[in-house]
Amino acid sequence: MYKIADEEIIPRRWYNIVPDLPEPLSPPRDHDPEKSSIDLLNKILPKEILRQEFTSSRYEDIPDEVIEQYLQIGRPTPLVRAVNLERILGFRGKIFFKNEGATATGSHKINTALPQAYYARKEGVEEVVTETGAGQWGTATALAATLNNIRSTIFMVRVSYEQKPLRKKIIKLYGGNTYASPSNLTEYGRKVLAKDPGHPGTLGIAISEAVQYALEKGYKYMMGSVENTVITHQSIIGQETRRQLEFMGESADTLIGCVGGGSNFSGFSFPFVESETEMIATAASEVPKFSKGDYKYDLIDTAGIMPELKMFSLGSDFVPPSIYAGGLRYHGAAPALSLLIREGRIKTEEVTEEKSMEAMGIFARTQGIVPAPESSHAIATVIDYCKNPENQGKTVVFNLSGHGLLDLSIIRD
Amino acid sequence: MKLALYFTFPYPNRESFIRFFHGSLNHKYDYLELGIPTEFPYYDGPIIRKTHKSAGENYSENLLRETVKEAISKKRKVYTLVYYNHFKKDRKDFLQNLKSMGFSGAIVPDLLTDFFPERFELVDAMNEEGLSLIPFFTSSTPDKIIRDVTGRTDDWIYHGLQPSTGIRVPVSTDLMVNRIRSLCPEREIIFGFGINGPEIIHELKASGADGIAVGSSLIPSMETDDMDSFHREIHMLEEGVYGE
Ligand SMILES: Cc1ncc(COP(=O)(O)O)c(C=O)c1O
């Protein structure tokens, strides 16, 4: 088979699902009726990002500079047929995986970090601020900032900060600053620390700190997941996958991916939403947002600075147990994804840590790639799916949202 | 273009409301929108949200009836902006009451998002009483919903420019107007939510909007009881809408 030019695979536009949803998305809501947190977004987000958040356009042109950067960091990412995995499962069908782990930073997060940093720089901002749990988003932010010649500050959930020194090193190598959250740098961080000096931190607290810090310093905040703009940027995954399947003469019966805030899954699956393709979103059993969460308006950050969104949520004060898949330890899921799940268009599964670790091993031994603990949840669902006699003969495509090489240090032998 | 003026009824209190309402009648405008106060007007921005409290405390149905009557006698069409919770019980009575007061129809800002399954039931119930539902769309309303709801209603359409009132996030006006226009080419489309100056009015006019609805920008002068600034504000709107 000939190698298709990368430029033919990379789409020139991002896809925004909002105009194609079966029901209107409920708009963001203020948590504090006296204030406007939507107005606050004007202060912390680049204008272009905010415009994309509320746009009615189905497509957004990707700036040429961003396309160039996408090519530099390894896009398009490979779509690989997992023949070895098929064999070991005895699956009479096809399994493909989209390898987002093949990007420079090792996950899909760079897909939205690049445009967000690009728009921030275009508006003359010197520094971007964000939070990170597992470290993947912080790494992507640091690289995207550097490639756009701006600085980055990253509030890293304290447990990760302590358990994942390699992440800090990479971020530093890219020129970013990391702080353990809760920190003394923000009012909210100080408040949390006053109550519990040894607080291990949560993603919700780190988001609150990053937003407060950006506000105070006049910097821009980078959004890692959940928000619509992020999902739109991540549509590059699904659009590439569609084209790659087309070139291979294949079509997907089923798409599978993992869900933290919902960005990799949504970006991967939404470009297929108008087709008949079955879609399965896998969350962690320890963070059972789909089976035990409510579909309701809820905070996305613990401090309640950002507007509330309507989504499946376990409550913004839910403190998830510490699992390896730090990226899945989030109480909510993107509104458009939540809506499609509630409508029944997208099915859900929940996978335990134990099962995901088993899946990690099977995938490493068959395909040679160490999957991220988050992505291992998707693989566990793939394995179950392919073992089901009813699914023989189908073509399953899953999103390998990242590699797990940097997570291995925390995993017990 | 047409001009619609929004007031939360009766903000800030009965006596001042009457004065400002009479003041407004000295100006040219087409539609009067009266917001019925509600406990948690969550789709309104902070400025209008604040008005619901004192309006709620001063609410009087008789005064509402008189206000509508007077507006109609001055050739204004009158609509109400009302949250769905008002329809939850005794819907028929509530609708009949609106009709008897002289309202032409209602805008229900949370209907399509939070009470989506009930949308056509409400449209039918309103039609039965001779009231029109004014569909409230935003840039987040999916194409299919716009087509469906447009197909079941026949009065004008209210399109929110912004995610809530009195707020300005960046939007491409042209794109937004073209999109809604292409989805409902035959209908009158009035834009509201966050309109607060000549620039945006001009932009909307140039994009082919049929009209604008304004609320938040009238409130500061009502809050400070400044009739002169109230007149200046409406005058600016009149010039923008009806001027060259
Ligand atoms: C590799 C990887 N996969 C998945 C996720 C979950 O996030 P999302 O659901 O937004 O894709 C993360 C988040 O940190 C991640 O690092």
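The values are calculated or read from the model by the stated rules, or taken from the named source; none is laboratory data. It should be emphasised that the depicted structure is a prediction, and the values quoted were computed from it without experimental measurement. Here the Cβ is made from the backbone with ideal geometry for all residues, glycine too, and neighbour counts use every protein chain on show. Side chains included, ligands, DNA and RNA excluded: accessible areas come from the protein's heavy atoms. Shrake-Rupley method; radii C 1.70, N 1.55, O 1.52, S 1.80 Å.
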(message) Can you tell me how many residues within the range A:367-413 are in a loop (DSSP other than H, G, I, E, B), farther than 25 Å from A:Met248 by Cβ and open to solvent by 40 Å² or more (accessible area, probe 1.4 Å)?
(response) 3
(request) Take the range A:1-20 and flag every residue that is closer than 30 Å to B:Lys144 by Cα and away from chain B (no Cβ under 12 Å). (result) A:Ile9, A:Ile10, A:Pro11, A:Arg12, A:Arg13, A:Trp14, A:Tyr15
(message) Testing A:Tyr70 on (1) open to solvent by less than 20 Å² (accessible area, probe 1.4 Å); (2) within 9 Å of another protein chain (Cβ to nearest Cβ), one condition comes back false. Which one is that?
(response) (2)
(request) Within the range A:82-92, identify whether any single residue is within 14 Å of chain B (Cβ to nearest Cβ), surrounded by 16 or more Cβ atoms within 10 Å (Cβ to Cβ) and out of contact with any Asp or Glu (no Cβ under 6 Å at 6 or more places or on another chain), and answer yes or no. (result) no
(message) Looking only at residues that are touching a strand residue (DSSP E or B) at 6+ places or on another chain (Cβ under 7 Å) and more than 13 Å from the ligand (Cβ to nearest atom) in the range A:133-153, which one is most open to solvent (accessible area, probe 1.4 Å)?
(response) A:Arg151
(message) Here is a list: B:Glu118, B:Glu186. Which entry is within 13 Å of chain A (Cβ to nearest Cβ), open to solvent by 40 Å² or more (accessible area, probe 1.4 Å) and over 26 Å from A:Glu53 (Cβ atoms)?
(response) B:Glu118
(request) Go through the range A:227-252 and give me each residue that's within 11 Å of the ligand (Cβ to nearest atom) and either surrounded by fewer than 24 Cβ atoms within 10 Å (Cβ to Cβ) or within 14 Å of another protein chain (Cβ to nearest Cβ) (or both). (result) A:Glu227, A:Ile231
(request) Report whether or not A:Ile300 is in contact with a strand residue (DSSP E or B) (Cβ under 8 Å, 6 or more places away or on another chain), in a loop (DSSP other than H, G, I, E, B) and buried (at least 20 other Cβ atoms within 10 Å of the Cβ). (result) yes
(message) Pull out all pairs, ordered by first then second residue, where Cβ-Cβ is under 8 Å, the residues are six or more apart or on different chains, the first lies in the range A:156-170 and is among the hydroxyl-bearing types (Ser, Thr, Tyr), and the second is part of a helix (DSSP H, G or I).
(response) A:Ser160/A:Arg167; A:Ser160/A:Gly326; A:Tyr161/A:Lys168
(request) Would you mention how many residues in the range B:129-162 are of a type outside the set (Asp, Glu) and under 23 Å from B:Leu3 (Cβ atoms)? (result) 18
(message) Being away from the ligand (no atom under 13 Å from the Cβ), more than 27 Å from A:Asn42 (Cα to Cα) and either more than 16 Å from the chain's Cα centre (by Cα) or crowded, with 18+ Cβ neighbours inside 10 Å (or both) is true for just one of A:Phe272, A:Phe268. Which residue is that?
(response) A:Phe272
(request) Out of A:Glu23, A:Glu34, A:Glu60, report the one residue that is surrounded by fewer than 24 Cβ atoms within 10 Å (Cβ to Cβ), facing chain B (nearest Cβ under 10 Å) and closer than 24 Å to B:Arg168 by Cα. (result) A:Glu34
(request) Could you identify the single residue in A:Ala281, A:Ala252 that is more than 25 Å from A:Ser208 (Cα to Cα), part of a loop (DSSP other than H, G, I, E, B), touching a residue at least 12 places away in the same chain (Cβ under 8 Å) and in contact with a strand residue (DSSP E or B) (Cβ under 6 Å, 6 or more places away or on another chain)? (result) A:Ala252
(request) Looking only at the range B:190-201, count how many residues are surrounded by fewer than 22 Cβ atoms within 10 Å (Cβ to Cβ) and modelled with pLDDT of 95 or more. (result) 0
(message) Go through the range B:31-47 and report how many residues are in a loop (DSSP other than H, G, I, E, B) and either surrounded by 20 or more Cβ atoms within 10 Å (Cβ to Cβ) or of a type in the set (Ser, Thr, Tyr) (or both).
(response) 8
(request) Could you check how many residues of the range A:253-265 are closer than 25 Å to B:Lys144 by Cβ, out of contact with any Leu (no Cβ under 7 Å at 6 or more places or on another chain) and within 8 Å of the ligand (Cβ to nearest atom)? (result) 1
